[in-house]
Amino acid sequence: MGRRDEAGAVTAETAVALPLIAVFTLSMAWLVSIGITDVRALDAARETARAAARSESSGDATALGHRVAPDGSRITISRSGGAVLARVSSPVIGPAGLFGRWASFHVTAEAVAAEEPSW
């Protein structure tokens, strides 16, 4: 039996594995970006709902929400039955702005607060 020459086998295996590792790393970075955007949108919705429930104007409450929300977020406030609903829709921008032009994924967060009585 002849012995086969295995020179270059590690190089070939690395050439196959490296793109997979890069795709996996990028995917994990996207998941982290989605999670961070979701948390920031939820925080913005809570702040907006609390401010609106304190009888602040919708403009003031929305401005407070925009301070917390990710860039490009849309904030809406609705009132019904003694409750205030704040909804925040935020675009997910990839890690370090990567694929920013193609960011078509949005997260939406909602928060409800009971309106406080006005004296």
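Bear in mind that the values in this text are calculations on the coordinates, not laboratory data. Computed from a predicted structure; not experimentally measured. Please note: Cβ atoms are built from the backbone with ideal geometry, for glycine as well, and neighbour counts cover all protein chains shown.
Structure values in brief
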| read-out | value |
| --- | --- |
| Lone qualifier among Gly97, Gly82, Gly72 - being of a type in the set (Gly, Ala, Ser), within 30 Å of Val23 (Cβ to Cβ) and either touching a strand residue (DSSP E or B) at 6+ places or on another chain (Cβ under 9 Å) or surrounded by 13 or more Cβ atoms within 10 Å (Cβ to Cβ) (or both) | Gly72 |
| Candidate set: region 63-94, residues that are touching a residue at least 40 places away in the same chain (Cβ under 8 Å) and among the small types (Gly, Ala, Ser); chosen: the one nearest to Ala113 (Cα to Cα) | Ala86 |
| Single match in Val107, Val92, Val32, Val112 (criterion: within 30 Å of Ala22 (Cβ to Cβ), surrounded by fewer than 17 Cβ atoms within 10 Å (Cβ to Cβ) and among the β-branched types (Val, Ile, Thr)) | Val32 |
| Residue check for Ala12: among the small types (Gly, Ala, Ser), more than 23 Å from the chain's Cα centre (by Cα) and in a helix (DSSP H, G or I) | yes |
| Per-region count, region 37-62, residues surrounded by 15 or more Cβ atoms within 10 Å (Cβ to Cβ), within 23 Å of Ser118 (Cα to Cα) and without any contact (Cβ under 8 Å) to a residue 60 or more places away in the chain | 6 |
| Test: residue in region 55-75 that is on the phi < 0 side of the Ramachandran plot and assigned to a strand (DSSP E or B) | yes |
